[in-house]
Amino acid sequence: MLTALLPETILVVTALVVLGFGVSVPKSRQLITVATLLGGFAAAAAIFLLPVDGNFLHGMVVLDPLARIFKLVILGLGLVAVVFASDSFPEIHFAESLALILFSTVGMMLLTGTEDLLMIFIALELTSIPLYILAAFAKESRSSAEAGLKYFLIGSVSAAFLLYGLSLIYGVTGSTNLHAISNLSGIPDPLLIAGIVLTLAGFAFKVAAVPFQLWAPDVYEGAPTAAAALIASGSKVAGIFILAKILTFGLGHWVGSAGWGQFLPGWAPVLALMAAASVLLGNIAALVQSNVKRLLAYSAIAHGGYLLIGLSSAGPESLTAVLFYVVIYALTTAGAFGVVAIVEKQRGGSRLDDFDGLAKSSPVLAICLLVFFISLAGIPPLAGFFGKFYLFTSALADGRLLWLVVLAVAMNAVSLYYYLIVLKHAFVFPAPEGIRPANASASGFLVGALALAVLALGLAPDLLLAPLVKQNGKQHEAFRAPRAETHPPTLASSAILNSGH
């Protein structure tokens, strides 16, 4: 089991080393950043080099190819936030900010590698608590303090919902293991229904879905941009991944139906209603925003709705589409926040006016912004188009969610307007006098790399889609197959449980 947790262990050790550098050489930002990145690369190498897959401690720690893919994605997004931190976090306590990013990344990685309800909650809290602190890290900013407070208060309430819901599921099913829960069927107990609803409420906060989206605009705007990028990308990837695993694998017998006029009790109609409300509110509210970070927050609410549409259809193909799209969205959003971080450093703000004339002062940065926003709007040939196309067509596979897909497509057309408003400021409006081109920096190079990745995944989506299709199919087969019971590991042996997973 310790071998399976080697990447997370490396990140924890790196965080402790970085904290030590923060005490001994607090002004060496470059040294601290390089040490953090080296630890991240070592963790990535450990993911590649880990031996056979396994299932440890009755599913508390699971290592399989699909988990490896998402651990790499989340680790990459965490390192992206580390690079952006140089443009977002003040020099004081800089090491602490990077250590918090690493600790939150560890929590997200643990989420992707577990099938146990208790471990899911622990990993979620390890993910969230550092993010609460990061949101309020700019102590001189009242908006940052407000963001941290709102995020903490609403997050604490959602954690209570989630914990109560998971405890009800455990009380009814008698197990915290998703595979054991998936073997149960029949008419759900009322307490199980209550547990599922409360669990959905807790996860709706993580993905900023209506009616639990109130924190998102203020947190995205007030938090340091690197922290907002991690919340918008890594946190959403981990939240969607584990929610999909809980619903599709653990609670797959109680799906219900979200078809128009064919609603049947289950979690699918609840997700469908949240998806419809999120798509409507997110896209309409984004139309009147004058701050790009708030605009991205409402865009995140809308995209959370798109992802919930895929989960509502509850099929293997739609699950692959959800996992594919959430990765595309995370890469695109992280890149968009990178552009915002550079503009904030250069011009002192993230309002629409601060993007005036960006194409003239920093043409490469403006082109990257164009790539990210056009991808978010779902325009070909960028990755966002193929992601939405695959997501919506997979949701239409059984014909019951036509009403939801029609609504999503209509609202996606609305989203094109507010994305183009930002691009209009960047490409049409004149640049203010005295604005100098942005200096070359690590953040700038990374933004360019993310833009190329979004373009490449649009032109060749199989680079990501093919392994997801393959491993998701294996995951479904593994959950359908019976697992032999084995004795719990002793302290001496640490044996792999259920090695046939």
Task: Failed item in (1) without any contact (Cβ under 8 Å) to a residue 60 or more places away in the chain; (2) surrounded by 23 or more Cβ atoms within 10 Å (Cβ to Cβ), with G171 passing the rest - done: (2)
Task: Close pairs from segment 344-364: first outside the structural domain of A226 (by TED's automatic domain parsing), partner loosely packed, with under 15 Cβ neighbours inside 10 Å and in a loop (DSSP other than H, G, I, E, B), Cβ under 6 Å, at least 6 apart - done: R351/S290; L352/S290; G357/P430; S361/P437; S362/P437
- [ ] Assess whether T36 counts as being of a type in the set (S, T, N, Q), under 22 Å from the mean Cα position of the chain (by Cα) and within 25 Å of T248 (Cβ to Cβ).
- [x] no
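Can you tell which of L31, L16, L79 is modelled with pLDDT of 90 or more and under 30 Å from V339 (Cβ atoms)? Outline the logic, then answer.
Numbers: L31 fails: modelled with pLDDT of 90 or more; L16 fails: under 30 Å from V339 (Cβ atoms).
So the residue among L31, L16, L79 that is modelled with pLDDT of 90 or more and under 30 Å from V339 (Cβ atoms) is L79.
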Open item on the list: What's the total number of residues in segment 122-178 that are part of a helix (DSSP H, G or I), β-branched (V, I, T) and in contact with an Asp or Glu (Cβ under 6 Å, 6 or more places away or on another chain)?
Closed with: 1
Open item on the list: So if I check each of G259, G304, which one is touching a residue at least 60 places away in the same chain (Cβ under 8 Å), surrounded by fewer than 22 Cβ atoms within 10 Å (Cβ to Cβ) and on the phi < 0 side of the Ramachandran plot?
Closed with: G259
- [ ] Run down A377, A395, A408, A383 and say which single residue is crowded, with 20+ Cβ neighbours inside 10 Å, at pLDDT 90 or above and farther than 23 Å from A285 by Cβ.
- [x] A383
TODO: Name, by its number, the condition in (1) at pLDDT below 85; (2) within 24 Å of the chain's Cα centre (by Cα); (3) surrounded by fewer than 23 Cβ atoms within 10 Å (Cβ to Cβ) that does not hold for S88.
DONE: (3)
Task: When residues of segment 346-374 are limited to those that are assigned to a helix (DSSP H, G or I), at pLDDT below 90 and crowded, with 24+ Cβ neighbours inside 10 Å, the one farthest from the chain's Cα centre (by Cα) - done: L358
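Looking at A285, is it hydrophobic (A, V, I, L, M, F, W, C), surrounded by fewer than 24 Cβ atoms within 10 Å (Cβ to Cβ) and assigned to a helix (DSSP H, G or I)? Spell out how you get there, then give the answer.
On the way: hydrophobic (A, V, I, L, M, F, W, C): yes; surrounded by fewer than 24 Cβ atoms within 10 Å (Cβ to Cβ): yes; assigned to a helix (DSSP H, G or I): yes.
So A285 passes the test.
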Task: I69, sole failed condition from (1) surrounded by fewer than 23 Cβ atoms within 10 Å (Cβ to Cβ); (2) in contact (Cβ under 8 Å) with a residue 60 or more places away in the chain; (3) over 19 Å from L331 (Cβ atoms); (4) aliphatic (A, V, I, L, M) - done: (3)
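Could we say that D218 is under 21 Å from the mean Cα position of the chain (by Cα), surrounded by fewer than 24 Cβ atoms within 10 Å (Cβ to Cβ) and under 27 Å from L352 (Cβ atoms) here? Break it down into steps so the answer makes sense when it comes.
Details: under 21 Å from the mean Cα position of the chain (by Cα): yes; surrounded by fewer than 24 Cβ atoms within 10 Å (Cβ to Cβ): yes; under 27 Å from L352 (Cβ atoms): yes.
Yes; evaluated as a whole, the condition is true for this residue.
The values are calculated or read from the model by the stated rules, or taken from the named source; none is laboratory data. Bear in mind the structure is a predicted one, so any value in this text is a computation, not a measurement. Quick reminder, even Gly has a Cβ in these numbers, built from the backbone with ideal geometry, and neighbours come from all protein chains shown.
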